[in-house]
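A short worksheet on the structure shown next.
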Amino acid sequence: DAGVIQSPRHEVTEMGQEVTLRCKPISGHNSLFWYRQTMMRGLELLIYFNNNVPIDDSGMPEDRFSAKMPNASFSTLKIQPSEPRDSAVYFCASSLQGSGEKLFFGSGTQLSVL
Amino acid sequence: GNSVTQMEGPVTLSEEAFLTINCTYTATGYPSLFWYVQYPGEGLQLLLKATKADDKGSNKGFEATYRKETTSFHLEKGSVQVSDSAVYFCALVRAAGNKLTFGGGTRVLVKP
């Protein structure tokens, strides 16, 4: 199994640009989570999906952030426009709903907004 | 609401030393408890878990016991190795829930 695959691994962009982060969950998993990790705030849940449907997006910081899951094998997190304070590592994780919440994390996307 | 509190790091110790990372939680009902580990440059991985009171989770020499009376789930390892250097996260999920609540993480550095 390839695990959760995220791309890109690193992204450097300028303030105001649109950023799109991508995630491919483990095949067969029906829950997908987007997390953000910073030194100041630690690990924050941004949004999660069950069966491609957004269940809880209360962690999305503001309207500049949006997430989609058009099918069971792909999700995107978009920031438009990006700001320097969005610089962080963004993780995608997937699980089998009802599995005891064992999450499988991707390797993350290191985002730097200059 | 649910919350998890961990001791702040970094924790620095020598190889073969005893490691304890304290974790306490607040939750309604009977949550399941987890320890995740994050090695440098990687995502989190499940280390161990316990689903009910007095359960002991164990893996790779690490152990943690679900203590309902003290609402704690402290992580221990009797003899650490340099390869145990990582950030450790305590987490919980409430019964029938799907959303993990993580603690702030504790960085552990093991020196040769």
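Since every read-out is calculated from the coordinates, none of them should be taken as a lab result. As the structure is a prediction and not an experimental result, all values here were calculated from the model. Neighbour counts run over all protein chains shown; Cβ positions are idealised from the backbone, glycine included.
How much net charge surrounds A:THR20 when only other residues with a Cβ under 11 Å from its Cβ are counted (Lys, Arg +1; Asp, Glu -1)?
+1
What is the set of long-range amide H partners of B:LEU48 at a cut-off below 5 Å, with H atoms built 1.01 Å from backbone N?
B:TRP35
Which whole-Hz ³J(HN,Hα) couplings does the stretch A:16-33 yield from phi under the Karplus relation 6.51 cos²θ - 1.76 cosθ + 1.60, θ = phi - 60°, glycine and proline marked x?
Listing the rounded values in order: x, 7, 7, 10, 10, 9, 10, 8, 10, x, 5, 4, x, 6, 10, 10, 9, 10 Hz.
Which whole-number percentage describes the relative contact order of chain A, with Cα contacts under 8 Å and a sequence gap of 6 or more?
37 percent
Kindly work out what percent of the DSSP beta bridges joining two residues of chain A are antiparallel, to the nearest 5.
The antiparallel proportion sits near 90 percent.
Please compute the average number of Cβ atoms from other chains found within 10 Å of each residue's Cβ in peptide B:43-53.
That average works out to 4.
With the contact rule set at Cα under 8 Å and sequence spacing of 6 or more, what percent relative contact order holds for chain B?
About 37 percent, as a whole number.
Under a Cβ-Cβ cut-off of 13 Å, what is the net charge of the residues other than A:LEU114 that fall near it, where Lys and Arg count +1 and Asp and Glu count -1?
-3
Cross-link partners among aspartates and glutamates for B:LYS68, C-alpha distance below 12 Å, same-chain residues fewer than 8 apart left out?
B:ASP54, B:ASP55
With springs only between Cα atoms under 10 Å, which of B:PHE18, B:PHE62, B:PHE89 fluctuates most in a Gaussian network model of chain B?
Of B:PHE18, B:PHE62, B:PHE89, the Gaussian network model singles out B:PHE18 as fluctuating most.
Near A:LYS78, which lysines are there with a Cα under 22 Å away, not counting those fewer than 8 places off in the same chain?
In chain and number order, the partners are A:LYS24, A:LYS68, B:LYS99.
May I ask for the percentage of alpha-carbon pairs in the protein assembly as shown that lie more than 31 Å from each other?
22 percent
Spin-label point model (7 Å from Cα, Cβ direction): what's the B:SER3 to A:SER66 distance in nm?
Taking the simple label geometry, B:SER3 and A:SER66 are separated by 3.5 nm.
If r is the Cβ-Cβ distance from B:LEU109 to A:MET40 and R0 is 25 Å, what FRET efficiency results, to the nearest 0.05?
0.75
Taking 1 over the mean of 1/r across every pair of different Cα atoms in the stretch B:15-83, what Kirkwood radius in Å do you get?
Roughly 12.8 Å, rounded to one decimal.
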